[in-house]
Amino acid sequence: MDPIPPHNDQTDLVTAMLGGAISGAVTTALTYPFEYIKVTSQIENRGLIKVAAELPMNQVRPLFTGCGTLALGNALKGCSRMLVFNAMSNFMSSNERGQTSAPRVVTAGLLTGALESLWVIPFESMKTRLIENSMYLQGMKVELPGYAKTHDSSLGHHQQPQHTHSQSAHSRGTKTTKRPVNPGVVDSRNPRFKAIEYYKKYPSTTFPKIMKEIYATQGLRGFKQGSLMTIFRQCMNSMVWYSSYNSFQQLIDPTRDSITELELLGMGFASSCAVVAITQPIDLLKTRMQTRDYRIIYRDVMTYW
């Protein structure tokens with residue numbers, strides 16, 4: 001089926017949604033090893049890595065860590081993508097025949113990406129954490145940068161000099177000022193401290209366990225980590241893909257009456273290459289914002305190494 005159906009397409013809603021969901025899940029399963037390798041390369045920071053993770057090339061199963069989580073998210077995205085895009089295109093159509101100009105196609109793709117991001121974000125966050133946990137299980141060790149030395153990455157303890165200083169000042173009766181707390185520092189008095197300690201020793205590698213880990217260590221906030229960057233990436237993905245695909249389609253056959261399956265495959269491949277070329281920097285930022293120690297290591301999206 002043409003990825004952008006004509007305005008007179010009579011495919012019923014249930015069939016379109018089911019086809020999109022199955023397509024999203026199957027595509028994820030077939031390409032996930034490449035996704036795994038991509039995310040591991042984005043998580044690895046040469047300036048912080050003490051010991052790199054050993055990619056299990058002699059095993060297949062570790063390469064599919066987080067596949068089910070991402071497949072579920074892409075199935076939800078796929079079952080609604082065409083429905084949302086067609087609705088947006090028809091809403092902004094310039095005439096009664098449903099024809100839409102190129103700028104309106106770009107806008108429709110942008111809005112589609114923004115809407116589908118709303119239910120993709122938690123699955124993207126869980127997928128990134130699952131892959132990161134598998135890297136720790138494969139021997140990865142990270143050394144914190146100098147400004148984050150108040151927190152030990154492996155033990156989660158504070159350095160003592162700051163605490164000693166406050167005690168000595170209090171014993172002298174001098175007035176002390178409350179210092180700002182680093183948002184990445186784990187307070188041992190926090191009820192989530194034990195959960196953080198536990199999951200550092202026993203990282204989760206399955207969908208039910210990662211849900212429990214994120215909720216126990218970060219609460220509901222953990223499921224929306226990197227939300228703005230994920231929405232930005234999804235918007236750019238949809239905008240670039242739909243505009244590129246529409247341009248190729250107009251170039252080859254504007255009426256879409258004689259497009260062959262090979263031409264469809266070629267247009268989809270070329271559009272996907274355009275998406276990767278343009279959105280890869282955004283995807284890198286999104287991945288690192290969803291890692292476990294993002295608030296400690298990077299502080300904000302403008303911290304590069």
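Brief remarks on what is shown
- Matching residues in the range 239-265 - criterion: being of a type in the set (Gly, Ala, Ser) and either in a loop (DSSP other than H, G, I, E, B) or without any contact (Cβ under 8 Å) to a residue 12 or more places away in the chain (or both): SER258
- Looking only at the range 121-140, residues that are in a helix (DSSP H, G or I) and surrounded by fewer than 20 Cβ atoms within 10 Å (Cβ to Cβ) come to 2 in all.
- Taking the criterion of being part of a helix (DSSP H, G or I), under 30 Å from ASN133 (Cα atoms) and either in contact with a helix residue (DSSP H, G or I) (Cβ under 7 Å, 6 or more places away or on another chain) or of a type in the set (Asp, Glu) (or both), the residues of the range 273-292 that qualify are VAL275, ILE278, THR279, ILE282, ASP283, LEU284, LEU285, LYS286, THR287, ARG288, MET289.
- Checking every residue in the range 41-52 against the condition of being modelled with pLDDT of 70 or more, over 28 Å from VAL14 (Cβ atoms), touching a helix residue (DSSP H, G or I) at 6+ places or on another chain (Cβ under 6 Å) and surrounded by 14 or more Cβ atoms within 10 Å (Cβ to Cβ) gives at least one match.
- Among the residues making up the range 39-72, those that are within 22 Å of PRO281 (Cα to Cα), part of a helix (DSSP H, G or I) and touching a residue at least 40 places away in the same chain (Cβ under 8 Å) are VAL39, THR40, GLN42, ILE43, LEU70.
The values are calculated or read from the model by the stated rules, or taken from the named source; none is laboratory data. These numbers were taken from a predicted model, which means no experiment stands behind them. For neighbour counting, all protein chains shown are included, and Cβ atoms are generated from backbone atoms with ideal geometry for every residue, glycine included.
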